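For reference, the structure is listed below as C-alpha cells.
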C-alpha cells in the first residue's frame, strides 16, 4: 500500500469512527490536526442527520465536509454542496407502505429536522442519539414545509429480517439500505454515499487512487467502490468485508485511527 498518495479520507460514523458508546476518541482529533497540516481532506459520511454528525465532531466542524443522511445531503460549514431529495408524491406513497410494517417506527428525515409521530418515551430516548433537531408531529403526511431527504424505519427486532424482505421490491426505483442492525433507509436512487463521494472527488480533482474510506455496514457499500484504499472494520457486516480491499481493527480498538496514523507516517517520510 502506498498510503503517502492519499488526499481524501472518508469515514462512516456508527460502528466505524464512533466506539460502542457513540464517542469519538481524543486520538482521532490529534490525528486530524496532522491531516490538516498534510493537506488531507476529511469527510464524515453517515446515515445520521447532519446536525447529529457535527455535534459529534463539534471541535472540527468548520474544517470538514459532511455527507449526511446516507448521501442525500453534503455540507461544508454552512454551505450546501449537494442535495438529493424524494418528491412529495413518492414520499406519501412510501409513508403508506411503511406505516403498515408491524412493530416499526417511521422517521421522516427532512432538510431542516427529523420528524416522528408519538412512539413513546423509550423510542424517543433512543432516537435523540441520532437526531440533533427533530419535531414530534401528529401526522407525518402533513409535514410539507421541508425537503424529504430520506425515510428511516426502525425495528428493534432487526432490520435485515423484519424490514428488508417487505421493502426490497422498491429497489428498482429507490435506494433501499439496511444501514444498521435496527435501521433501514429509503431514499432517492442517487442518494447514497458513493454518489455523494464521487461528486466531491470530481469537484476536488481527487481520484479513487488518492482516496481512503472506512465503513462497517451495507450503506457503506457504494462508498467502498469509490476508493482504492477501502477498509472494512473488523466488526463490519460480511458484505462490507467482501467489498473492501483491506480490513482494520474494530471501532472499539480505534481501527480508523490505526490506519490514519500509518498514512500520516507514510506521508511524513516524503519530507524526510
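Coordinate-derived values only; no laboratory data. These figures come from a predicted structure and were not determined experimentally. Cβ atoms come from the backbone with ideal geometry, glycine included; neighbour counts cover every protein chain shown.
Give the distance, in whole Å, between the Cα centre of the range 192-225 and the Cα centre of the range 99-145.
Taking the Cα centre of the range 99-145 as reference, the centre of the range 192-225 is 29 Å away.
When you count, for each residue, the other Cβ atoms within 10 Å and take the mean per peptide, how do 214-222, 76-84, 26-34, 38-46 rank with the highest first?
214-222, 38-46, 26-34, 76-84
Relative to the longest principal axis of the chain, what angle (0 to 90°, nearest 10) does the C-alpha long axis of helix 88-98 take?
Value to nearest ten degrees: 80.
Once all Cα-Cα distances of the range 144-190 are split into 5 Å bins that start at 0, what whole-number percent is in each one?
Histogram of Cα-Cα distances, whole percents per bin: 5, 23, 30, 21, 12, 7, 1.
Using only the Cα atoms of the range 1-66, what semi-axes does the equivalent ellipsoid have when each is the square root of 5 times a gyration tensor eigenvalue? Give whole Å, largest first.
Working: eigenvalues 79, 33, 29 Å².
Result for the range 1-66: semi-axes of 20, 13, 12 Å.
Comparing 165, 238, 208, which has the greatest mean-square fluctuation in the GNM of the chain with Cα pairs linked when under 10 Å apart?
Top of the fluctuation ranking is 165.
Across the chain, what fraction of all alpha-carbon pairs, as a whole percent, falls in each successive 5 Å bin from zero upward?
Per 5 Å bin, starting at zero, the Cα-Cα P(r) for the chain comes out as 1, 6, 14, 18, 20, 17, 11, 7, 4, 2, 1, 0, 0 percent.
I want the antiparallel fraction of DSSP beta bridges within the chain, as a percent rounded to 5. Please report the intermediate quantities before stating the final value.
Numbers: 27 of 48 bridges.
In the chain, approximately 55 percent of DSSP beta bridges are antiparallel ones.
Using a Gaussian network for the chain with springs between C-alpha atoms less than 10 Å apart, which of these wobbles most: 239, 100, 19?
Ranking 239, 100, 19 by mean-square fluctuation puts 100 first.
For helix 193-204, what angle does its Cα long axis make with the longest principal axis of the chain, in degrees from 0 to 90 and rounded to 10?
Compared with the principal axis, the helix lies near 50 degrees.
Can you order the peptides 257-266, 134-143, 180-189 by their average number of other Cβ atoms within 10 Å per residue, highest first?
On the way: 257-266: 18.3, 134-143: 13.8, 180-189: 22.2.
Result, highest mean Cβ count within 10 Å first: 180-189, 257-266, 134-143.
Most mobile of 71, 47, 205 per a Gaussian network model of the chain (Cα springs, under 10 Å)?
Maximum among the listed residues: 205.
If one takes the longest principal axis of the Cα atoms in the chain, at what angle in degrees, from 0 to 90 and to the nearest 10, does the Cα axis of helix 255-269 lie?
30
At 222 nm, what helix-only mean residue ellipticity would the chain give, in deg cm²/dmol to the nearest 500, using -39500 (n - 2.57) for each DSSP H run of four or more? Let's see the in-between values first.
On the way: 10 runs with 82 residues, N = 272.
The helix-only estimate for the chain comes to -8000 deg cm²/dmol at 222 nm.
Beyond 19 Å, how much of the Cα-Cα pair distribution for the range 65-203 remains, as a whole percent? Please report the intermediate quantities before stating the final value.
Values: 4725 of 9591 pairs.
Cα-Cα pairs in the range 65-203 separated by more than 19 Å: 49 percent.
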